[in-house]
1. Relative contact order for chain C: what percent, with Cα pairs under 8 Å and sequence separation of 6 or more?
2. Please say if region A:19-152 is rounded, prolate or oblate, where rounded means a/c under 1.5 for a ≥ b ≥ c the square roots of the C-alpha gyration tensor eigenvalues, and otherwise the choice is prolate for a/b larger than b/c and oblate otherwise?
3. Between B:Arg17 and C:Glu95, what is the label-point separation in nm under the 7 Å Cα-to-beta-carbon projection?
4. If I take the Cα coordinates of region B:86-205 and project them onto the principal axes, what are the three extents in Å, biggest first?
5. Can you classify region B:152-205 as rounded, prolate or oblate using the Cα gyration tensor, where a ≥ b ≥ c are the square roots of its eigenvalues, rounded means a/c under 1.5, and otherwise it's prolate if a/b beats b/c and oblate if not?
6. Extension gain B:Ala179-B:Thr197, at 0.36 nm per residue separation less the Cα-Cα distance, in nm?
7. Enumerate by residue number the trypsin sites (Lys or Arg not before Pro) in region B:151-205 meeting two conditions: DSSP loop (anything except H, G, I, E, B), and at most 12 other Cβ atoms within 10 Å of the site's Cβ.
8. Could you go through region C:11-22 in sequence order and give the Karplus-derived ³J(HN,Hα) for each residue, using 6.51 cos²θ - 1.76 cosθ + 1.60 with θ = phi - 60°, rounded to whole Hz, and x for Gly and Pro?
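Read the figures in this text as sums done on the coordinates, not as results from a lab. Computed from a predicted structure; not experimentally measured. Every residue, glycine as well, gets a Cβ built from its backbone with ideal geometry; the counts of neighbours run over all protein chains shown.
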Amino acid sequence: MTGGSVDPLDLVAVADRIGIVAFAVSGVVVGIRAKLDLYGLVVLGLVTAIGGGFTRDIVIGDIPRVLQTTDYLLFAIGATFIGIVGGALKLTAPEPIMKAADALGTGAFAATGALLSREAGLDWPAGVILAILTATGGGVIRDVLAGEIPQVLHRGLNATGSAAGGAVTLALAPTDVTAAALAGGIVALVITAAGHTERVRLPKI
Amino acid sequence: MTGGSVDPLDLVAVADRIGIVAFAVSGVVVGIRAKLDLYGLVVLGLVTAIGGGFTRDIVIGDIPRVLQTTDYLLFAIGATFIGIVGGALKLTAPEPIMKAADALGTGAFAATGALLSREAGLDWPAGVILAILTATGGGVIRDVLAGEIPQVLHRGLNATGSAAGGAVTLALAPTDVTAAALAGGIVALVITAAGHTERVRLPKI
Amino acid sequence: MTGGSVDPLDLVAVADRIGIVAFAVSGVVVGIRAKLDLYGLVVLGLVTAIGGGFTRDIVIGDIPRVLQTTDYLLFAIGATFIGIVGGALKLTAPEPIMKAADALGTGAFAATGALLSREAGLDWPAGVILAILTATGGGVIRDVLAGEIPQVLHRGLNATGSAAGGAVTLALAPTDVTAAALAGGIVALVITAAGHTERVRLPKI
């Protein structure tokens with residue numbers, strides 16, 4: 001960062017942190033609905049926030065980065081506890097803010113998933129799969145643990161957005177990695193947000 | 001391959017491809033029943049087809065082969081889309097063909113699971129477990145995502161067949177790997193097919 | 001072991017074996033309730049007994065130790081079959097014995113999980129997570145496969161105990177690894193047992 005300009009990767013990192021909070025809170029909300037106890041809420045918040053990246057790292061053969069980066073882990077734990085305190089106080093985050101944060105997180109997670117798969121030497125179809133896994137895997141684990149069919153499999157455009165955003169990131173990465181991450185993240189964000197309006201949806205059979 | 005003879009490993013590879021199609025279609029069918037959207041159907045088809053081998057590779061410490069072999073991945077994605085188009089057109093694959101394809105796939109997956117565990121230096125009890133995991137793991141993930149108790153845990157003989165086929169493959173492998181894979185695969189196929197008749201079943205308590 | 005003294009790590013190993021039996025039996029019991037067949041019961045017994053350590057090893061980048069240690073695997077399989085025979089004979093293990101064995105296993109698993117995360121070079125927050133994963137991960141897989149919300153997320157103090165025991169183990173390990181394992185295991189055991197009384201429980205929202 002020089003001359004006052006903002007590094008696009010910093011934007012992705014900020015979006016990632018916002019996503020962690022949104023995902024953790026969504027985990028806590030699902031956990032309260034499933035009548036979990038305090039520990040269950042911690043687990044649901046945490047797996048929703050970090051489960052996608054955790055699984056992605058295992059798939060590409062790495063010890064999960066979040067276990068090796070203590071402040072990132074503590075940030076996710078902190079976000080989870082904030083969600084729990086909010087739930088105990090019966091605070092509800094305004095729906096539009098939660099949706100915006102979910103879209104931001106999905107964008108950031110899709111972009112980082114794509115870039116890490118590229119670093120692991122994988123081809124683009126695998127990269128798209130890992131972008132989706134990073135952005136939506138946490139929610140899948142959350143829903144399975146809560147005894148529900150994963151939302152991403154029947155609602156919204158988070159997966160479609162992650163796939164498109166991952167593909168854009170991978171397509172542009174050979175020219176400029178940071179611009180690629182930003183562009184791919186924005187694509188994922190926009191499509192995810194479109195899904196949140198519930199006016200656009202995937203067909204069912 | 002010389003003199004017109006057929007390499008038994010080619011037979012296993014062909015059976016593996018047939019299995020991929022059968023497993024992908026079974027995933028789509030379960031997904032339609034669970035009212036998933038298009039993305040959900042893609043996931044269910046794909047995890048059923050490749051989830052067993054994917055998990056096995058992670059267990060033995062490898063990046064999943066399917067992510068490193070783009071045509072194999074694209075073949076599985078293609079098989080999934082064929083299943084989805086078939087579902088959209090309300091085509092139903094004839095039951096006997098689906099069962100035969102499932103048995104062929106189970107045979108091929110059990111044999112390859114056993115051989116790869118051997119290459120990873122594992123002892124035969126672990127090899128039998130990995131044969132079962134390769135052949136039945138995809139269906140377990142499919143059912144968990146669809147909110148059902150995994151079929152293999154309460155119906156059919158796919159797991160018994162995979163265990164027996166894996167054991168045969170491991171027992172014969174020191175003499176001739178290709179013959180071992182073929183023999184083990186056939187054992188798994190026959191037992192799985194016997195389970196499909198529903199005249200043979202495992203006891204319940 | 002010299003002069004008749006008992007190595008504390010031997011105590012942990014004994015508690016571990018008792019835990020394997022208790023966990024396997026609990027898996028079989030849940031499997032019978034879910035109407036699984038013989039294979040399903042074997043899977044549920046086995047994943048409950050070894051699933052926590054299995055997952056932990058994958059997370060820290062190792063091939064699961066249980067697959068590389070054939071007698072440990074065969075011991076777990078044997079424990080599972082004993083559970084199945086007991087179930088078939090409609091024997092019920094007395095509740096207090098099952099609870100004591102569960103607490104012993106939780107203590108041993110939490111201590112070993114913490115020590116292995118330390119060996120893998122992870123920081124203490126990750127170590128506490130791996131202690132919990134080792135001690136409670138098998139039960140989570142068991143419940144998900146049986147179509148239930150994981151018990152540990154809404155009942156008992158097994159996770160709280162594992163977290164506290166893991167933390168104690170990690171805190172003391174720099175001075176004396178064996179004493180640390182023993183102390184941490186006892187902490188996990190006591191808290192888990194307190195949870196079994198159902199007089200102490202975590203709050204719900």
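1. Details: 375 pairs, mean separation 50.2, N = 205.
Contact order relative to length: 24 percent.
2. On the way: a/c = 1.91, a/b = 1.77, b/c = 1.08.
Judged from the Cα gyration tensor, region A:19-152 comes out prolate (a/c at least 1.5, a/b above b/c).
3. 6.0
4. 47, 29, 29
5. Details: a/c = 3.96, a/b = 2.40, b/c = 1.65.
Cα axes put region B:152-205 in the prolate bin.
6. Numbers: separation 18, 0.36 × 18 = 6.48 nm, distance 2.74 nm.
Here the segment from B:Ala179 to B:Thr197 would lengthen by 3.7 nm.
7. On the way: sites: B:Arg155, B:Arg199, B:Arg201, B:Lys204; in loops: B:Arg155, B:Arg199, B:Arg201.
When the trypsin sites (Lys or Arg not before Pro) of region B:151-205 are filtered for loop state and at most 12 Cβ neighbours within 10 Å, B:Arg199 remain.
8. Once θ is set to phi - 60°, the couplings for region C:11-22 become 4, 4, 5, 5, 4, 4, 5, 4, x, 4, 5, 4 Hz.
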